[in-house]
Amino acid sequence: MGKEVQIGNKIVGNGHPVYIVAEIGINHNGDLGIAKRLIDSAVSAGCDAVKFQKRTPELCIPKDQRDIMRETPWGYISYMEYRNKIELGLNEYREIDQHCRQKKIAWFASCWDIEAINFMEAFKTPCYKVPSASLTDQELLKNLRGTGRPIILSTGMSTIGQIREAVKLLGTDNLIITHCTSTYPCPSSELNLKMITTLKKEFDCLIGYSGHEVGLPTTIAVVALGACLVERHITLDRSLWGSDQSASVEPRGFERLVHYIRVVEEAMGDGIKKVYESELPILKRLRKVQ
């Protein structure tokens, strides 16, 4: 069976259904109502979990970027103002937590700084995600490992050497590594899906996939390569304002994605050649030499 990781009431690993995560991220644009609609869409699609992103802007935004002005739905404001506009606070996350409990779907977050970890610990989320941008942040990794919760390590923008260092620090118990290319949207020529096979050979832990491409076929393909967890961004409308929207999947698309993943899972079989009962009448009719 190999290694297994428990996320909430689900077991992730070989022999278990692929764990499907709808990343809401910041596609809610700071609107709790949109966040709840995205949760509902993920539930309707049959996802196992939704994921958010949690940052403390004062810790995450470099000083030289804070005063850069940009056009936003809230007007022409500084980058720091924008980051604060889209950051959900304690009251919003309390409602998200309650809503997810009512809808019976797990939720967790990517934490970009230690204060964000402390914030999330109050909700006892079933796991944590290390965003690709933080893979080399050793203090963050140590604090995440210190929670004792399972960790999903995203590997975009990283060399194999950097991934090895992160895994060395985190250990392989209760760890899922997700292959990822951090381009939004990512062209198919840069998805490099065979990295899933490479990571499976290199590391003694579970391997998943976090995709930012347009369309569904390449995401479905990773199931055949052995990915135990699949994550895609979810949006109400890909034309909405926001940096991640164009690389996201709309609700109807997510329903198809989940369905196709389950079909591929069923089709994979056990790798043992056999003659199926359904083949016997055809065998009797077509095979001349028994």
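Read-outs: derived from the displayed coordinates by stated rules, not from any lab. None of the values given here were measured: they were computed from a predicted structure. Positions of Cβ are generated from backbone atoms using ideal geometry, with glycine treated the same way; all protein chains shown enter the neighbour counts.
Put a dot 7 Å past the Cα of residue 71, heading toward its Cβ, do the same for residue 246, and the two dots end up 1.4 nm apart.
With an 8 Å Cα cut-off and a minimum separation of 6 or more residues, compute the relative contact order for the stretch 61-193 in percent.
15 percent
Using only Cα atoms, tell me the angle between helix 32-45 and the longest principal axis of the chain; keep it within 0 to 90° and round to the nearest 10. Roughly 0 degrees between the two axes. Under a GNM of the chain (C-alpha, springs under 10 Å), which listed residue has the highest mean-square fluctuation: 97, 204, 64? The residue that fluctuates most here is 64.
Straight-line reach from residue 103: taking Cα to Cα under 28 Å and skipping same-chain neighbours fewer than 8 places apart, the lysines in range are 10, 36, 51, 54, 85, 124, 129. Taking the DSSP bridge list for the stretch 4-286 and keeping only pairs wholly inside it, about 20 percent are antiparallel.
Take each peptide in 227-236, 121-130, 267-276, 213-222, count the other Cβ atoms within 10 Å of every residue, and average; sorted highest first, the result is 227-236, 121-130, 213-222, 267-276.
If you average 1/r over all unlike Cα pairs in the stretch 156-272 and invert the result, what Kirkwood radius do you get in angstrom?
Radius from the Kirkwood sum: 15.2 Å.
I need to check one value: relative contact order of the stretch 137-281, counting alpha carbon pairs closer than 8 Å and at least 6 residues apart, in percent.
Numbers: 195 pairs, mean separation 25.4, N = 145.
Dividing the mean separation by the residue count of the stretch 137-281 yields 18 percent.
Using alpha carbon centroids, what distance separates the stretch 4-69 and the stretch 160-213, in Å? If you average the Cα positions of each part, the centres end up 18 Å apart. Listed by chain and number, the aspartates and glutamates placed with their C-alpha closer than 17 angstrom to that of residue 200 are 4, 165, 173; residues fewer than eight positions away on the same chain are left out. Seen against the Cα atoms of the chain and their longest principal axis, helix 251-268 is set at about 40 degrees.
With the contact rule set at Cα under 8 Å and sequence spacing of 6 or more, what percent relative contact order holds for the chain?
On the way: 491 pairs, mean separation 55.6, N = 290.
It comes to 19 percent, rounded to a whole number.
Bridgeable aspartates and glutamates around residue 63 (alpha carbons under 15 Å apart, same-chain partners fewer than 8 residues away excluded): 81.
Charged side chains reduced to their Cβ positions (Lys and Arg at +1, Asp and Glu at -1) give the stretch 4-286 a dipole of some 640 debye around its Cα centre.
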